[in-house]
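**Student:** Quick one: the structure is below, and I'll ask about it shortly.
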Amino acid sequence: MGIWDRLKKELIDIVEFLDDSNNTLCYRFERFQNEIKNGAKLVVREGQSAVFINEGKIADVLGPGTYTLDTKNVPILATLLGWKYGFESPFKAEVYFVSTRLFTDQKWGTMNPVMVRDPEFGPVRLRAFGTYAIRVKDPGTFIRNVVGTDNRFTTEEITGQLRNLIVTHFGDALGQAKVPMLDLAGNFRSLGGRIAGVMQPEFDTLGVELSTLLIENISLPPEVEQALDKRSSMSVIGDVNQYAKFQAADALRDAAKNPGAAGTIVGLGVGQVFAGTMGQAAAGQAAPPPLAAAFFVAVNNQQQGPFDPGMLATMARSGQLTRDTLVWKQGMAAWAKAGEVPELATVFAATPPPIPGGPPALP
């Protein structure tokens, strides 16, 4: 530094710090040989505190305002080393500006899953992430325990330590809260406040206040999420037997989409089966369990089906299935006439005889 620059700094002395960044927590004011002119102006803005350090010790902490640095306005300065040469001489001191504003949108998250015991599912591994906000509430403690002699201390230098503190206490706080895993989503706000309260004593030792802790998401391992999805699907389905019947009805509907007269016949039969089922439900009657046997039917030399005996009975009543119609099912050596299959005896038992003078039944 040149002689003229040194003289200019000794003629007028204004001690202030204008922060053009958004991440500076503490800044040491730079002076030539740390000399501050007697009667200099100290400007501390809102969201700042000024900390005087003499011979490695904190001498004073000043809040927002404009100060004239002399022994009348700042009595503590009378103890500084430079004043023993007379009140008109410059004194030596270090001035640190500490930002006391709120620093928001700081990220946190668990690098590895946290093991907790859920009252319903037992031991589970959870991952979580979110944001938090901090402010320096004790500038002296902050400089003493965190900043040290760093001339510019930023949020990046402390957020890693704060994130580790949050993650370390996250599992403990989650266990103490005893909130079931399935109810966590509705308790993020209260859970975040509980975790912040548990961790605040750790932050106090750093001179920092954990103003807000927000939980954005708590997730399970992918395989556990898949198991929960299956469980939810089964809960939506409800009665598995009814669901199986519904699937069988879908299969019959697909069979009814086949082209030709057989498709029309199957479609009509399906409608009649559903009509009968709905009537039984309306009357409060329980539908009988479906038979396991399923037969294929030869219609116009084309294979149709498979159809269960209930469907075949409907076709028999409508005249679309006769005793001479060829049928086959798994386990039969060859196609056989329906009237010769013992399992289909009940299908034709309730079939009315042909109407006198009416058209003959279709083969």
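Any read-out appearing in this document is the output of simple, stated calculations on the displayed coordinates, not a laboratory observation. These figures come from a predicted structure and were not determined experimentally. Neighbour counts are summed over all protein chains in view; Cβ atoms, including those assigned to glycine, are modelled from backbone coordinates with ideal geometry.
**Student:** Arranged by the count of other C-beta atoms within 10 angstrom, fewest first, what order do 315, 332, 199 take?
**Tutor:** Ascending Cβ contact count within 10 Å gives the list 332, 199, 315.
**Student:** State the extension gain, in nm to one decimal, for the chain segment bounded by residue 45 and residue 57, taking 0.36 nm per residue of separation less the distance between their alpha-carbons.
**Tutor:** 2.0 nm
**Student:** Right, another one. Take the residue pairs 107/230; 41/107; 137/178; 41/137; 230/329 and return only those whose Cα atoms are more than 28 Å apart.
**Tutor:** Beyond 28 Å: 107/230; 41/107; 137/178; 230/329.
**Student:** When ranked by the protection proxy of mean other Cβ atoms within 10 Å per residue, highest first, what sequence do the peptides 212-220, 55-63 form?
**Tutor:** Ranking the peptides 212-220, 55-63 by packing returns 212-220, 55-63.
**Student:** Scale the Cα Rg of region 95-163 by the rule-of-thumb value 2.2 N^0.38 Å and send over the ratio, two decimals.
**Tutor:** Computed over Cα atoms of region 95-163, the ratio equals 1.55.
**Student:** What ³J(HN,Hα) values, in whole Hz, does the Karplus curve 6.51 cos²θ - 1.76 cosθ + 1.60 give for region 194-204 when θ = phi - 60°, with x put for Gly and Pro?
**Tutor:** Result, rounded to whole Hz: 5, 5, 4, x, 5, 8, 4, x, 5, 6, 4.
**Student:** Okay, next question. What residues have an amide H closer than 5 Å to that of residue 15, excluding those fewer than 5 places away on the same chain, when H is modeled at 1.01 Å from N in the peptide plane?
**Tutor:** Residues meeting the criterion, in which the H sits 1.01 Å from N, are 41, 42, 43.
**Student:** Within region 95-111, what residues put their amide N at less than 18 Å from the label point 7 Å along the Cα-to-Cβ vector of residue 135?
**Tutor:** In region 95-111, the label zone of residue 135 (backbone N under 18 Å from the point 7 Å along Cα→Cβ) covers 97-106.
**Student:** Here's another thing I want to ask about it. Quick check on region 103-225: take the gyration tensor over C-alpha atoms, sort the square-rooted eigenvalues as a ≥ b ≥ c, and tell me if it's rounded (a/c under 1.5), prolate or oblate.
**Tutor:** Verdict is prolate for region 103-225.
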